[in-house]
Every structure is written in structure tokens, then in C-alpha cells.
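The structure under discussion appears below in the form of C-alpha cells.
The values are calculated or read from the model by the stated rules, or taken from the named source; none is laboratory data. Bear in mind the structure is a predicted one, so any value in this text is a computation, not a measurement. Positions of Cβ are backbone-derived with ideal geometry, glycine not excepted, and every protein chain shown enters the neighbour counts.
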Amino acid sequence: MDQRRDQIEGNSEPSHSFGQISHLALDIGGTLIKVVYFSTSRDDCIDHEWDSSANNTLGVSKSGKHPILEGRLHFAKFETRNINDCLEFISSKKLHLGGFQRCRNLAKDKNLIKATGGGAHKFAELFREKLGIDLDKEDEMDCLVAGANFLLKAVHREAYTYVGGEKEFMQIDQNDLYPYLLVNIGSGVSMIKVDGDGKFERVSGTNVGGGTFWGLGRLLTKCKSFDELLELSYRGNNRVIDMLVGDIYGGMDYSKIGLSSTTIASSFGKAVSDYKELEDYKPEDVARSLLRMISNNIGQIAYLNALQFGLKRIFFGGFFIQGQPYTMDTISVAVHFWSKGEAKAMFLRHEGFLGALGAYVSYAKNRLDDLVCNESIEIPVSASYAADPKYNPRNADLNDNESMQCSVYTA
Ligand SMILES: Nc1ncnc2c1ncn2[C@@H]1O[C@H](COP(=O)(O)OP(=O)(O)O)[C@@H](O)[C@H]1O
Ligand SMILES: CC(C)(COP(=O)(O)O)[C@@H](O)C(=O)NCCC(=O)O
């Protein structure tokens with residue numbers, strides 16, 4: 001298999017070094033900084049006529065609608081509390097210089113990089129001081145929606161359901177995409193009714209989100225990292241702490257109102273009736289109850305909003321999900337249970353990068369330099385994941401510092 005084919009099918013890093021970097025975009029959230037950038041190498045330039053005078057990364061094709069450029073879209077994330085790691089990463093790979101060339105604001109002679117999230121405001125001065133760049137701020141909700149629409153339209157096998165431990169990728173009909181509810185579970189949770197490109201309304205939100213799970217989980221279990229907390233939750237048993245309907249009803253279902261004996265009646269409720277202290281519980285059981293409580297609560301609020309606005313499809317994004325089976329299962333079951341099977345929870349493979357991708361595609365919106373109107377970026381994601389016998393759904397999710405092959409098309 002030749003190298004390019006290998007890259008596409010295996011989604012692996014190219015063995016050759018980077019060519020030029022262009023279009024760095026950032027989403028600086030309450031907990032994580034998400035980084036997206038595009039790189040080309042000589043090998044990635046595709047085999048058709050080039051305008052040799054186009055002395056820039058996104059060359060202009062003389063022919064019609066062919067890919068004018070192939071390269072890789074790279075994704076990376078950092079903890080916001082370790083923002084210096086992110087600055088060092090950008091600096092060592094000279095990512096800001098690629099962005100610099102592409103978006104030099106001639107009028108003000110500023111070096112602009114697209115950025116969204118609260119940190120684009122909070123850390124603007126730091127970026128100027130350390131990297132000499134100005135953050136060109138894009139609204140967070142605009143970016144979430146733009147990122148979600150972009151993924152749903154451009155990326156094959158992006159959205160999937162998670163039912164009974166199985167992922168099922170959804171074929172999205174672009175003509176029947178709207179309306180939908182976008183639930184972004186970051187530090188906090190935003191719920192957005194999306195009616196079209198740039199047409200949306202943030203209809204709800206909740207402060208009980210990913211930051212609550214990580215913060216409360218850290219305090220209760222003394223774990224040192226988010227991944228450790230997730231690992232704990234995997235091994236735990238929530239029934240040790242949660243009060244189930246059966247605990248209240250002597251092992252019986254409360255079938256008259258549709259509650260089985262195993263339904264959680266009260267999250268953490270057993271901690272009171274058992275007269276136990278925190279030390280008497282295993283950290284893994286605490287982590288499991290917490291994950292279930294928060295996922296269930298978000299699933300329920302999402303459903304209520306979907307109901308209020310008559311929406312059948314709910315897409316969940318944000319790094320809280322992290323492709324975690326138990327999280328997705330709890331959310332899916334909550335949506336299914338409350339909607340009596342009417343509404344569907346769907347997840348996005350690039351869940352945590354919606355805002356950063358939205359900031360990235362906003363370069364095109366502003367028609368900067370060589371990005372022409374009507375340009376679209378298509379990202380052919382490997383179709384071989386599901387067919388691979390060694391396929392492991394956990395590995396198929398986008399992890400740190402991954403990249404994927406993509407092509408830039410011009411109208
Ligand atoms: N490596 C990690 N470190 C901290 N939190 C993580 C990590 N991976 C996933 N998370 C979860 O993702 C949440 C942040 O999600 P994200 O979408 O990046 O939101 P924000 O934009 O607010 O930073 C955290 O609150 C936590 O629940
Ligand atoms: C303020 C935020 C939009 C910031 O986004 P985040 O960094 O959490 O991704 C989000 O935390 C949020 O929507 N919080 C919920 C606030 C509320 O509606 O109660």
C-alpha cells in the first residue's frame with residue numbers, strides 16, 4: 001500500500017515531516033485548550049496543475065472543482081491550567097507563524113489567530129506577550145454550531161448512536177439535518193437549537209457538567225487526573241451508594257409509574273441510610289455514581305429541551321464524553337427512557353473540537369487571503385474502522401495529538 005493510501009486508511013501520522021502549517025485555530029475553554037491546525041507536505045500536494053505564482057500554502061488550482069491541496073488536519077488538547085505547555089507546543093512547531101502568514105491583518109499589521117472560548121478573552125494578553133500574536137476572537141456559540149455543522153456535513157461517519165454497547169454510525173442526510181439540538185458538555189453545558197448555518201438559539205444550559213464531574217470527583221476520590229477518575233468509574237458499582245427504587249420498595253418494581261427496582265431513585269442516597277463515611281466507600285464506586293448522576297441529569301435536561309422545541313435529534317459534544325462507553329450509554333438510556341423512544345442521542349467523533357473547528361472554518365468566512373468564497377474542506381475519514389477485525393471503539397475516538405487526511409476544494 002502506498003504511503004498516501006496508508007495515511008487515509010490507517011489514519012496514521014505521515015512518516016515524512018511537515019510541509020507548511022496554515023490556519024491555526026484555538027478554543028480556550030474553562031478546562032481544556034483545543035488546538036486545530038492544517039499542514040501540508042510536498043507529498044500531500046496532489047497531482048494536477050498548480051499555479052506556481054501562488055506562493056502560499058493553499059495554492060490556487062487552475063482547473064475547476066478539484067482538490068487544490070491535500071494535507072492533514074491536526075488536533076491537540078492541553079489543560080487550560082497548564083497553558084504554558086500549549087504556548088510551548090505552538091512555539092516549538094511554529095504554528096503561530098503559519099497562522100501569521102495566512103492572516104496578516106495588513107491594515108493594522110497584526111498577526112491574527114482565530115480563537116474562541118472564554119480564554120480567548122482571558123488570555124489574549126498572554127498570547128500577545130509570549131508569541132507576539134493577537135487572538136481574533138470568534139463567539140463561542142457561533143463556533144460550536146459552525147463546527148458541528150461542518151462535521152455533520154463534511155465528515156463521513158462522524159455521528160453515531162450508542163446503544164447496548166454498540167456504536168452505529170449514522171448516515172446524515174444534509175437536506176434533512178435541521179433542526180437539531182446540540183448539547184455541548186464542556187466544563188458547563190450549553191444546549192443550542194440549530195436551525196441552519198449560523199441560525200441557532202442557545203435555549204438552555206446547566207452548570208452541572210464536565211467540570212462538576214472532574215471537580216467533585218477529584219475532591220471525593222483524591223484521584224490525580226481526569227483519566228484516573230474515568231478508570232475508577234469503570235471499575236465501580238454505583239449501586240453501593242445510589243439508592244435504588246428496589247432499596248425503597250423492598251426489592252420490588254414500582255411498576256405503576258414505570259420504575260423498575262433497579263432504577264436509581266436517589267443518586268448517592270444510600271450514603272445517608274448506611275451511616276457510612278466517605279472513607280467507607282471505594283473511590284471507584286463513588287466515581288461511578290458521580291458519572292452516572294451527571295450523565296443522567298444532562299440526558300434528562302437535553303430531552304426536556306428537545307421536547308419543548310419538538311426536536312427529535314440530539315447531538316452531544318464536548319470533552320466530557322470522550323467516547324466513554326459508560327457516559328454515552330447513560331446519556332442514551334436517559335434520552336430513550338424520558339422520550340419513550342421518540343428522541344435519539346447521537347455523539348460526534350470529534351466531540352471536543354467543535355469550537356476549535358468552528359474557529360478554523362471562520363477563516364473562510366472572512367475570506368482571508370487565498371481562501372475563496374464557496375470553498376469547502378472535505379475530510380475523508382477512514383471507512384475501514386468498522387471493518388477492521390482489530391477495531392476497538394475506544395481507539396477509534398480522537399485522542400490527543402491526532403490528525404486526519406483532508407482535502408481543500410475550491411468552487
Ligand atoms: N484530560 C482531561 N483533563 C481534564 N478534563 C478532561 C480531560 N479530558 C476530558 N475532560 C472532561 O472534559 C471537560 C472539558 O470539556 P471541554 O469540552 O474541553 O470544555 P471547556 O471548553 O470548558 O474546557 C472537563 O470538565 C472534563 O469533564
Ligand atoms: C459559560 C459556558 C458557555 C463556557 O463554556 P465551557 O468553557 O464550559 O465550554 C458554559 O460553561 C455554560 O454554558 N455553562 C452553563 C451556564 C448555565 O447555563 O447555567
Just a yes or no: is a residue in the range 165-177 crowded, with 19+ Cβ neighbours inside 10 Å, within 22 Å of Asp329 (Cα to Cα), within 15 Å of ligand 1 (Cβ to nearest atom) and modelled with pLDDT of 95 or more? no
Among the numbered criteria (1) within 16 Å of ligand 1 (Cβ to nearest atom); (2) among the β-branched types (Val, Ile, Thr); (3) more than 21 Å from Ala334 (Cα to Cα), which one does Val194 miss? (1)
Can you name the residue in the range 197-221 that is more than 20 Å from Asp27 (Cβ to Cβ) and more than 16 Å from ligand 1 (Cβ to nearest atom) and is also surrounded by the fewest Cβ atoms within 10 Å (Cβ to Cβ) among such residues? Lys199
Could you count how many residues in the range 196-224 are away from ligand 2 (no atom under 16 Å from the Cβ) and over 20 Å from Leu278 (Cβ atoms)? 4
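How do the helices (runs of 4 or more DSSP H) wholly within the range 203-287 filter down when requiring 1 or more residues that are over 33 Å from the mean Cα position of the chain (by Cα): which remain?
Passing ranges, in order: 245-248, 270-273.
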For residues in the range 314-363 being within 16 Å of ligand 2 (Cβ to nearest atom) and part of a loop (DSSP other than H, G, I, E, B), which is nearest to Asn184 (Cα to Cα)? Gly318
